[in-house]
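Here is the structure we will look at.
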Amino acid sequence: MSKPTTGPFEKTPGWMDWYTGPAKPRFQLPAGAVDAHCHVFGPGGEFPFAPERKYTPCDASKAQLFALRDHLGFARNVVVQATCHGADNRAMVDACKSSNGKARGVATVKRSISDAELQELHDAGVRGVRFNFVKRLVDFTPKDELLEIASRINKLGWHVVIYFEAVDLPELWDFFTALPTTVVVDHMGRPDVGKPVDGPEFALFEKFMREHTNVWSKVSCPERLSVTGPKALDGEQNAYQDVIPFARRIVEQFPDRVLWGTDWPHPNLKDHMPDDGLLVDFIPHIATTAELQKKLLVDNPMRLYWPEEV
Ligand SMILES: O=C(O)c1cc(C(=O)O)oc(=O)c1
């Protein structure tokens, strides 16, 4: 893969660039596997970052994303709008349109979007909108605006992706459970894996999924959630041990409502940048049978993003 570059923007101090030269995974992905959570950043010279952004990344282009897809052995991508692009979906849409049908997208939209613009996003391959509640990433959007958006996109058959931290779930519960669509949680709702997997915080997340069968979860981002590692670097085959009990529990309880993604190019990591090949080798630790792996990596994302092919 080529190296990360920086365009006209100055990166946030301490920014960690994505890892070049990832390992070839030892784990063989099932045929047709989907990387259901990844992003593009710019390139900033072509698709400027949004004025309201909370961080300025290095560039991470569609060509680099597609090269990673092929290197790791994925067949398709779901490109999720990154917050550094705000509600300007052009970079994500351009990636979807350039993918020969191998990428679908999740957009960020405002209430002011027209029906014609929503239809344009649909035609480009967008199948969901993202609502973000992580305060370090976005400014607050009123709930009535989000509900209005959810009801409009529901008519297109889209879903809502939500990103929040575990401590905020109680406060957001009523809003989340009122959403009329399929709801996909990013990164398991960011559990604090320093707390017990049997404790009240993760039990609330399990209850959320158990009692609301429209709720799905991405069991992604062990590199973000792990406290004790070890890191997915230098050939490590047993990375992020502390995240495994959490992710495995969700995969085993809700095998038909889980997704997995690399999260490349891994915005805002502070400690280390993982080797994406070794991240793929993490998958069999959380989906331990070929059947679970196929649901996680192929059947579930295909049902959500390419239902016309299922
Ligand atoms: O935790 C994060 O910093 C993060 C940020 C973004 C984004 O900026 O869109 O997306 C993610 O999936 C995770």
Summing -39500 (n - 2.57) over every DSSP H run of at least 4 residues in the chain and dividing by its residue count gives a helix-only mean residue ellipticity at 222 nm, to the nearest 500 deg cm²/dmol, of -8500 deg cm²/dmol
For segment 24-131, which GluC sites (Glu not before Pro) are both in a DSSP coil and crowded by at most 15 other Cβ atoms within 10 Å?
GLU46, GLU52
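What's the carbon and sulfur percent of the chain's accessible surface, probe 1.4 angstrom, rounded to a whole number? Don't skip to the answer; put the middle values down first.
Working: 6370 of 12500 Å².
Heavy-atom surface of the chain belonging to carbon and sulfur, 1.4 Å probe: 51 percent.
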Name the long-range amide H neighbours of VAL79: under 5 Å, sequence gap of 5 or more, or other chain; modelled H, no Pro or chain starts.
ARG104, GLY105, VAL106
Under 5 Å, built H, 5+ apart or other chain: amide partners of VAL185:
ILE162, TRP216, SER217, LYS218
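Quick check for you: with a 1.4 Å probe and neighbouring chains kept, what is the accessible area per residue of the chain, in Å²?
Numbers: 12500 Å² over 310 residues.
The answer is 40 Å² per residue.
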With a ≥ b ≥ c the root eigenvalues of the C-alpha gyration tensor of the chain, is it rounded (a/c under 1.5), prolate (a/b larger than b/c) or oblate?
rounded
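Count neighbours as other Cβ atoms within 10 Å of each site's Cβ, and list the chymotrypsin sites (Phe, Trp or Tyr not before Pro) in segment 71-161 that are DSSP loop with at most 15 such neighbours. Don't jump to the answer; show the numbers that get you there.
Details: sites: PHE74, PHE131, PHE133, PHE140, TRP158; in loops: PHE74, PHE133, PHE140, TRP158.
Counting only loop positions with at most 15 other Cβ atoms within 10 Å, the chymotrypsin sites (Phe, Trp or Tyr not before Pro) in segment 71-161 are PHE140.
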Of PHE74, CYS221, VAL184, which is farthest on the positive side of the dipole of segment 34-309, counting Cα position, with +1 on Lys and Arg Cβ, -1 on Asp and Glu Cβ, and the Cα centre as origin?
VAL184
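The values are calculated or read from the model by the stated rules, or taken from the named source; none is laboratory data. Source: prediction; values computed, not measured. Cβ atoms come from the backbone with ideal geometry, glycine included; neighbour counts cover every protein chain shown. SASA here: full protein model, heavy atoms, side chains in, ligands and nucleic acids out. Shrake-Rupley method; radii C 1.70, N 1.55, O 1.52, S 1.80 Å.
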